[in-house]
Amino acid sequence: MKRVVRFFVILAVLAILVFALAGTWRDPWLWAYLVVFGSVGAVAMLSISADLARERYRPPSSGADRLSLRTIRLIALAHLLVGVLDGTRFQWSAMPPALRIIGLVGFGLSFLLVVRAMSVNRFFSAVVRVQDDRGHHVVDRGPYAHVRHPGYAGMIPAAPFSALALGSWASLAIALIYSGLILQRVLFEDGFLHANLDGYATYARRVRFKLIPGTW
């Protein structure tokens with residue numbers, strides 16, 4: 001029940017922030033965006049264990065990656081704030097409706113891939129670390145049977161699709177910075193796990209692709 005209440009509180013705060021920045025609550029694109037976000041968020045809430053939620057949102061250490069989690073989250077927040085201001089209040093960007101529809105669909109599907117990866121991998125931390133305190137081992141089921149980093153495969157396109165859904169070219173530029181940082185983390189984390197997680201090198205020889213099946 002606490003998780004349900006927390007989820008609806010977060011969703012309500014997000015909605016208030018978005019509509020306050022937009023200066024209106026009548027924009028159908030913002031409602032569509034919040035519906036997609038809320039729907040996939042509800043799936044995440046129902047499919048992720050409390051143990052994983054603690055690791056995901058309150059990791060016990062900063063991890064091995066020098067890129068700060070706070071920086072990544074601030075950039076993600078910036079793309080949202082700029083997207084709402086640009087796409088709704090000031091309308092600096094001229095984004096075709098077809099692109100915004102593609103953005104909504106792509107955002108929802110990318111977000112779902114992240115949730116799916118989290119639901120099968122209880123070690124899906126927000127930081128790069130070997131979780132000896134949680135019995136960390138290689139996970140090779142679900143999407144991990146096809147690529148080694150399916151969560152990142154969802155995160156990288158999710159932010160640009162989100163910017164398109166918000167109708168903002170400026171937000172898209174920020175989102176691409178976010179995606180580039182996540183791609184950098186993929187490369188770092190893959191090398192880190194090769195060196196530090198038992199069984200990962202063997203898994204990597206069996207599942208050869210990092211993000212895109214049959215490609216890379």
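Within the stretch 46-73, residues that are more than 15 Å from Q131 (Cα to Cα) reach partners that are of a type in the set (K, R) and at pLDDT 80 or above with beta carbons closer than 7 Å, at six or more positions or on different chains, in the pairs S49/R122; L67/R185.
Please verify whether R70 is within 26 Å of V207 (Cβ to Cβ), out of contact with any Leu (no Cβ under 9 Å at 6 or more places or on another chain), open to solvent by 30 Å² or more (accessible area, probe 1.4 Å) and in a helix (DSSP H, G or I), treating the condition exactly as stated. So R70 fails the test. Pairing each residue of the stretch 156-171 that is in contact (Cβ under 8 Å) with a residue 12 or more places away in the chain and on the phi > 0 side of the Ramachandran plot with any residue that is open to solvent by 10 Å² or more (accessible area, probe 1.4 Å) and of a type in the set (F, W, Y), provided the two are 6+ apart or on different chains, yields C-beta distances under 8 Å for G167/W29. For beta carbons closer than 8 Å, sequence separation of 6+ or different chains, a first residue in the stretch 194-216 that is without any contact (Cβ under 8 Å) to a residue 40 or more places away in the chain and a second that is open to solvent by 40 Å² or more (accessible area, probe 1.4 Å), the qualifying pairs are A201/H194; T215/F209; W216/F209; W216/K210. Across the stretch 160-205, the qualifying residues are those that are of a type in the set (G, A, S) and open to solvent by 20 Å² or more (accessible area, probe 1.4 Å), and the one among them that is farthest from Y144 (Cα to Cα) is A170.
Can you tell me which residue in the stretch 23-56 is least open to solvent (accessible area, probe 1.4 Å), limited to those that are among the hydroxyl-bearing types (S, T, Y) and in contact with a helix residue (DSSP H, G or I) (Cβ under 8 Å, 6 or more places away or on another chain)? Looking at residues that are among the hydroxyl-bearing types (S, T, Y) and in contact with a helix residue (DSSP H, G or I) (Cβ under 8 Å, 6 or more places away or on another chain), I get Y33. When H79 is tested against (1) touching a residue at least 24 places away in the same chain (Cβ under 8 Å); (2) open to solvent by 40 Å² or more (accessible area, probe 1.4 Å); (3) part of a helix (DSSP H, G or I); (4) of a type outside the set (S, T, Y), only condition (2) is not met.
The values are calculated or read from the model by the stated rules, or taken from the named source; none is laboratory data. Since we're looking at a predicted model, the values are computed, not measured. Neighbour counts run over all protein chains shown; Cβ positions are idealised from the backbone, glycine included. Each accessible area value is taken on the protein alone, full model and side chains, heavy atoms only, with ligands, DNA and RNA left out. Shrake-Rupley method; radii C 1.70, N 1.55, O 1.52, S 1.80 Å.
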